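Peer 1: Sharing a structure here in structure tokens format.
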Amino acid sequence: MAKRKIQDEGEVIRWFEEGRTYAWMIDEYKRKYGIDTVPSMWGNFRRRKGLVRRITRDDDLIPWFVKEEHRWLYPLAMLRFEARRRDGRGLSEAETARLASWKEMLAEEGAVVHYDPDTEEGFFYVPRQPGDDDLIHRPPEKTTRRKNADPPT
């Protein structure tokens, strides 16, 4: 049987509770134990142990599969902040202020976020239409591959 890479499960659970990043865990395991690890190992450990996801997924708020070149654009960042706020996860004061300002702009403009993966820009602000009941213009169907909850094990 192969030797387990996780040397101390309690230690790793504490790291998750402290909000340590996978990159930090990879570096720390190499430094402390001389063991090479990869991000998927840490994600699998988190899922197997039933630990809370490190990020919030809200496929009602972000229903699209977002292309790589669009993943760090401002409208998506703001939707992620809003997803965290709705999930009861903390935002910094700066994030809270940015989100409030952005939502105020949407309200003043009567706009919602629209995503078109076939454009260079990706995200657009479009006029709110009947049926737009949130911050986004909902697509006819969700295309995200990142669902709200972990799949059953």
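Peer 1: Can you name the condition, by its number, that G122 falls short on among (1) farther than 17 Å from L61 by Cα; (2) in contact with a Leu (Cβ under 8 Å, 6 or more places away or on another chain); (3) among the small types (G, A, S)?
Peer 2: Here G122 clears every test but (1).
Peer 1: Looking at (1) in contact (Cβ under 8 Å) with a residue 24 or more places away in the chain; (2) in contact with a Phe, Trp or Tyr (Cβ under 9 Å, 6 or more places away or on another chain); (3) not aromatic (F, W, Y), find the lone condition where D60 falls short.
Peer 2: Checking D60 against (1) in contact (Cβ under 8 Å) with a residue 24 or more places away in the chain; (2) in contact with a Phe, Trp or Tyr (Cβ under 9 Å, 6 or more places away or on another chain); (3) not aromatic (F, W, Y), the one that fails is (2).
Peer 1: Additional query: Which residue, of T21, T96, T37, is buried (at least 16 other Cβ atoms within 10 Å of the Cβ), on the phi < 0 side of the Ramachandran plot, at pLDDT below 95 and β-branched (V, I, T)?
Peer 2: The conditions single out T37.
Peer 1: Does G50 qualify as being open to solvent by 60 Å² or more (accessible area, probe 1.4 Å), over 14 Å from L135 (Cα atoms) and either out of contact with any Leu (no Cβ under 8 Å at 6 or more places or on another chain) or in a helix (DSSP H, G or I) (or both)?
Peer 2: Details: open to solvent by 60 Å² or more (accessible area, probe 1.4 Å): yes; over 14 Å from L135 (Cα atoms): yes; either out of contact with any Leu (no Cβ under 8 Å at 6 or more places or on another chain) or in a helix (DSSP H, G or I) (or both): yes.
Yes: the conditions hold for G50.
Peer 1: Given the structure, is E69 closer than 29 Å to G19 by Cβ and open to solvent by 50 Å² or more (accessible area, probe 1.4 Å)?
Peer 2: Numbers: closer than 29 Å to G19 by Cβ: yes; open to solvent by 50 Å² or more (accessible area, probe 1.4 Å): yes.
Answer is yes for this residue.
Peer 1: Give the residues of segment 126-138 that are over 20 Å from E68 (Cα atoms) and either touching a Leu at 6+ places or on another chain (Cβ under 9 Å) or assigned to a helix (DSSP H, G or I) (or both), sorted by residue number.
Peer 2: Those that are over 20 Å from E68 (Cα atoms) and either touching a Leu at 6+ places or on another chain (Cβ under 9 Å) or assigned to a helix (DSSP H, G or I) (or both): R128, D134, L135.
The values are calculated or read from the model by the stated rules, or taken from the named source; none is laboratory data. What you are looking at is a predicted structure, and each value in this text was computed from that prediction instead of being measured. Virtual Cβ from ideal backbone geometry, glycine too; neighbours counted across all protein chains shown. With ligands, DNA and RNA removed, areas are computed over all heavy atoms of the protein, side chains included. Shrake-Rupley method; radii C 1.70, N 1.55, O 1.52, S 1.80 Å.
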